[in-house]
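The values are calculated or read from the model by the stated rules, or taken from the named source; none is laboratory data. Just so we're clear, the structure is a prediction, and the values are computed from it rather than from any experiment. All Cβ positions, even for glycine, are placed from backbone atoms using ideal geometry, and neighbour counts span all protein chains on display. Just the protein is used for accessible areas: all its heavy atoms, side chains included, with ligands, DNA and RNA removed. Shrake-Rupley method; radii C 1.70, N 1.55, O 1.52, S 1.80 Å.
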Amino acid sequence: RKLNGIGFAWQCRARNDKTGTDTYVSWENRFKQLVAFKEEHGHCKVPQSSGPLGNWVSNRRAEYRKNLLGEKTSLSEDRVRKLNGIGFAWQCRARNDKTGTDTYVSWENRFKQLVAFKEEHGHCKVPQSSGPLGNWVSNRRAEYRKN
């Protein structure tokens, strides 16, 4: 709060794709990029594979889940309100392989899928190449390594 009170610049790390160097982009600037994305595409579902903005969006979802679990994050109530105000999707995206349509799967539903996988295979080592569940598991491992 004290840092916010003096206008401290909270920044996230981003890779400059043209030069390969690290640059820093503020939360507010990434939010503006997200608003521009929504104006162009009609939604806030930025694919993580799309680069820095996709990674930023994925990290906001991860912070939101941590908030729900009572863990401390930099995602303030004000930022949640801002994201909600533009229709931000807090759930992860999955492709329905049978129909080819997009559906949204909550963290809890992915967890249930992982439990079912473990019951069937006897382990939680879901290959990333196996599709949406594999990607979800890989993302959980990456989040764990960050902490």
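Under the condition of being surrounded by 15 or more Cβ atoms within 10 Å (Cβ to Cβ) and part of a loop (DSSP other than H, G, I, E, B), which residue from the stretch 63-89 is farthest from the chain's Cα centre (by Cα)?
It comes out as SER76.
Quick one: how many residues across the stretch 132-147 are hydroxyl-bearing (Ser, Thr, Tyr) and in contact (Cβ under 8 Å) with a residue 40 or more places away in the chain?
0
What's the total number of residues in the stretch 41-86 that are among the small types (Gly, Ala, Ser) and touching a Lys or Arg at 6+ places or on another chain (Cβ under 7 Å)? Break it down stepwise before answering.
Residues of the stretch 41-86 that are among the small types (Gly, Ala, Ser), as a first pass: 42, 49-51, 54, 58, 62, 70, 74, 76, 85.
In the following step, the residues that additionally are touching a Lys or Arg at 6+ places or on another chain (Cβ under 7 Å) were identified as none.
Residues that pass the stated criteria total 0.
Quick grid of which residues meet (1) assigned to a strand (DSSP E or B); (2) open to solvent by 100 Å² or more (accessible area, probe 1.4 Å); (3) more than 18 Å from ASN84 (Cα to Cα); (4) modelled with pLDDT of 85 or more:
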site: ALA14; (1), (2), (3), (4): yes, no, yes, no
site: ASP17; (1), (2), (3), (4): no, yes, yes, no
site: GLY20; (1), (2), (3), (4): no, no, yes, no
site: LEU34; (1), (2), (3), (4): no, no, no, yes
site: LYS38; (1), (2), (3), (4): no, no, no, yes
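Collect the residues in the stretch 113-147 that are touching a Gly at 6+ places or on another chain (Cβ under 6 Å) and outside any loop (DSSP other than H, G, I, E, B), keeping them in residue-number order.
If the condition is that a residue be touching a Gly at 6+ places or on another chain (Cβ under 6 Å) and outside any loop (DSSP other than H, G, I, E, B), then GLN128 is the only one that fits.
Could you give me the residue pairs with C-beta distances under 7 Å whose first residue belongs to the stretch 49-76 and is free of Cβ contacts under 8 Å to residues at least 60 places away in the same chain and of a type outside the set (A, V, I, L, M, F, W, C), whose second residue is part of a loop (DSSP other than H, G, I, E, B) and loosely packed, with under 15 Cβ neighbours inside 10 Å wherever it lies, and which are 6+ apart or on separate chains?
Qualifying pairs under 7 Å: GLY51/ASP17; GLY54/PRO47; GLU63/SER74.
Going through the stretch 40-54 one residue at a time, which ones are touching a helix residue (DSSP H, G or I) at 6+ places or on another chain (Cβ under 6 Å) and crowded, with 16+ Cβ neighbours inside 10 Å?
Across the stretch 40-54, the qualifying residues are CYS44, VAL46, GLN48, LEU53.
Tell me yes or no: at least one residue of the stretch 75-89 is closer than 26 Å to ALA36 by Cβ and modelled with pLDDT under 85.
Yes: the stretch 75-89 contains one or more residues that are closer than 26 Å to ALA36 by Cβ and modelled with pLDDT under 85.
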